[in-house]
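For reference, the structure discussed in these notes is given below.
What follows is calculated from the coordinates using simple rules that are stated; it is not laboratory data. What you see is a predicted model, and the numbers here were worked out from it, not measured in a lab. A quick note on method: Cβ atoms are made from the backbone with ideal geometry, for glycine too, and the neighbour counts reach across all protein chains shown.
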Amino acid sequence: MSSADLIPVLLVVAPILAAVLPIALGLRYDRTGWSVAAITTTGLFAAAVYLASVVYTDGQVVHALGNYDSRYGIELVADQFSILVVVLVAAVAAGVLAYTRRGGPRGNTFYTAYLLLVGGLLGISLTGDVFNLFVFLEITSLATYALVASGDGPESAVAGLKYLILGTVAASMYLIGVGFLFMATGTLNMVALADAIPAAERPTLVRAAFAFIFIGFAVKVAQWPLHTWQPDAYQQAPDGATPLIAALVSTASAYAFGRLLVSVFGVDYLVSMPYAAEIVVAVGCVSVLAGTTLAVIQRDVKRMLAYSSVSQFGLVIAAYGIVIHDATETALVGATVHLIGHGLMKVGLFLAVGAIAISYGARTVDEYAGLADNRPVLAGAMAVLLISLVGVPPSVGFVGKWYIALGAVQSQLWPVAAVIFLSTMLTLAYVARLLEKMYFTPASSLESPHRSGAIVADGGDDVPDGVADDTALEGALERTGDPSGSPARNRVGRGASDDVSFGMVAIVVVVTVVVVGLGFAGGAFAELLKPFLTEVLG
């Protein structure tokens with residue numbers, strides 16, 4: 001066994017074990033969570049990069065825990081598809097900490113949930129077993145519920161509860177599907193399932209399993225009309241948590257669904273399943289149009305970006321439908337590129353939104369008026385990321401859309417190509433509205449509630465009236481999960497630029513540069529994925 005064989009285990013186990021440390025050390029020391037999370041995620045990123053180099057040099061890395069037979073034991077697999085998501089998870093988890101160090105939340109419990117979420121996401125990316133995929137989905141969901149509910153105010157608790165209810169229903173649907181697969185094949189291992197499903201003696205069970213699994217993931221990936229948890233979760237979560245959730249949670253679920261489609265059920269089998277491709281394509285296309293239409297009419301920027309995610313993930317699901325309709329490599333490359341690109345774009349955008357809320361006091365589109373004059377670096381980075389979201393070259397947003405549209409044309413699915421074009425125009429509508437406010441609308445002389453110099457907690461809502469001095473402020477922050485030993489706080493308004501650290505701005509700029517840089521890497525993505533594509537598509 002080589003050293004690389006142990007890295008998949010360490011990537012999953014290390015953050016879950018490290019999640020205990022912030023609470024344990026917090027019994028003696030205040031605010032140790034950030035340091036623990038920073039050390040852990042930095043190590044995870046280094047390990048993920050090393051594992052990626054091994055995978056792309058020597059091929060997939062497989063580790064069977066306890067050396068049990070793969071039919072019954074737990075297997076972790078790093079291949080050319082999964083390792084891209086692993087690197088994305090590790091990079092985003094480490095990068096978001098540049099924001100939370102100053103922007104918060106700062107409570108130790110927050111970082112416990114943070115590390116649990118990272119461990120669950122890495123488990124989703126690496127597992128080779130459909131039941132353990134359920135386990136890691138639940139770890140991820142439970143941590144996400146906690147992070148969403150940690151925002152300030154009852155709205156965050158309600159958003160977390162809504163996500164809890166819908167997420168539990170989704171997990172139950174997925175688990176029922178897994179049960180049907182086990183009844184039909186007698187195994188839970190993905191590789192064994194791929195061999196057993198075509199020869200299953202009870203194909204009705206397999207088809208029922210696909211239906212339940214698809215519905216479960218439609219909720220997890222926030223496909224219309226099962227998307228209702230996502231806008232509230234993104235809007236009400238603390239600004240330090242939203243980038244991680246928006247960039248990774250649905251991304252990992254979309255990856256897992258794609259993995260099950262091409263590696264477990266198999267394209268050849270799904271082609272023979274009546275209406276499977278048509279249903280997947282239809283759900284994706286409807287989500288694309290519904291998401292962009294709803295994003296256009298939003299006033300709150302976080303909510304607008306949340307509906308944008310409904311649309312962007314719809315595009316990925318539609319690409320999966322194209323793959324199982326015509327076994328085209330182009331659409332699968334596009335789906336993968338778009339998953340990675342969208343994760344990067346959304347982490348950059350939500351980090352920028354959080355920094356702008358702290359330094360400029362803006363939460364709605366109208367409040368972004370004059371932003372370019374007052375916060376030129378953040379406005380510039382956000383403008384580039386928004387343009388990438390539209391799909392303007394050179395950016396990774398263009399590359400993903402181009403491959404998906406090309407796959408639709410190759411498969412002669414002209415309605416899908418038309419949906420991509422129409423959604424691009426609708427995306428341009430809400431992006432242009434925000435850019436117009438930032439660059440061409442002067443800041444209003446009227447004071448908004450957010451620009452009045454009020455003190456704001458990590459969740460972004462105003463501290464109750466009467467909190468005016470440092471003593472009262474510290475008490476309020478303790479109640480919102482941000483106990484600080486100093487009078488550190490988030491003051492908003494145009495005179496509060498010192499509340500945004502260099503690291504908070506730098507991470508947004510770095511993500512922006514990467515998004516543009518990857519716009520030139522479409523061919524490289526295809527080459528990296530080629531061994532996997534050859535295996536699953538022939």
Roughly how tilted is helix 329-359, in degrees to the nearest 10 and between 0 and 90, from the longest Cα axis of the chain?
-> 10 degrees
Report, in cubic angstrom per residue, the convex hull volume of the C-alpha atoms of segment 174-218.
-> 59 Å³
Could you check how many percent of all C-alpha pairs in segment 59-141 are farther apart than 20 Å?
-> 42 percent
Starting from the Cα gyration tensor of segment 307-355, multiply each eigenvalue by 5, take the square root, and state the resulting semi-axes largest first in whole Å.
-> 26, 10, 4
Using eta = 1.306 mPa s and T = 10 °C, Stokes-Einstein with Kirkwood Rh from Cα pairs puts D for segment 85-181, in µm² s⁻¹, at 110 µm²/s
With Cα coordinates, the longest principal axis of the chain makes an angle with the long axis of helix 7-18, in degrees rounded to 10, of 40 degrees
Would you mind checking the tilt of helix 470-479 against the longest principal axis of the Cα atoms of the chain, expressed as 0 to 90 degrees and rounded to 10?
-> 20 degrees
Semi-axes of segment 110-261 from the Cα gyration tensor (sqrt of 5 times each eigenvalue, largest first, whole Å) come to 30, 15, 11
Let me know the whole percent of all Cα-Cα pairs from segment 75-119 that are separated by more than 12 Å.
-> 68 percent
q = 0.15, 0.31, 0.34 Å⁻¹: log10 I(q)/I(0) that the Debye formula gives for segment 112-157, counting C-alpha atoms only = -0.40, -0.99, -1.10
Can you give the translational diffusion coefficient of the chain in µm²/s, computed by Stokes-Einstein from the Kirkwood radius over Cα pairs at 20 °C and 1.002 mPa s?
-> 92 µm²/s
In segment 218-259, how does Rg compare with the Kirkwood Rh, expressed as the Rg/Rh ratio over alpha carbon atoms?
-> 0.99
Any idea what Rg and Dmax come out to for segment 1-103 if you just take the C-alpha atoms, in Å?
-> 15.6, 48
Relative contact order (percent) for the chain, with alpha-carbon contacts under 8 angstrom and 6 or more residues of separation?
-> 15 percent
5 Å-binned pair-distance histogram of segment 279-318 (Cα, whole percent) = 7, 33, 28, 16, 11, 4, 1
Give the long-range amide H neighbours of ASP129: residues separated by 5 or more places, or on another chain, with amide H under 5 Å away, using H modelled in the peptide plane at 1.01 Å from N.
-> GLU75, MET190
Compute from the Cα atoms of segment 191-348 the Rg and the Dmax, the latter being the longest Cα-Cα distance, and quote both in angstrom.
-> 16.1, 54
Please report the Cα spread of segment 362-441 along all three principal axes, rounded to whole Å, starting with the longest.
-> 48, 20, 18
Burial order of peptide ranges 425-435, 75-85 (average beta-carbon count within 10 Å, highest first) = 75-85, 425-435
Two-decimal Rg/Rh across segment 16-169, once Rg and the Kirkwood Rh are taken from alpha-carbon atoms = 1.01
For the chain, what does -39500 (n - 2.57) per DSSP helix run (n ≥ 4), summed and divided by total residues, give at 222 nm, in deg cm²/dmol to the nearest 500?
-> -23000 deg cm²/dmol
Taking all pairs of different Cα atoms in segment 181-250, averaging 1/r and flipping that mean, what Kirkwood radius in angstroms comes out?
-> 14.4 Å
Considering only the other residues whose Cβ falls under 13 Å of the Cβ of GLY120, what net charge follows from Lys and Arg at +1 and Asp and Glu at -1?
-> 0
Quickly rank 200-207, 138-145, 385-392 as a protection proxy: mean count of other C-beta atoms within 10 Å, highest first.
-> 385-392, 138-145, 200-207
Segment 294-407, Cα convex hull volume normalised per residue, Å³ | 85 Å³
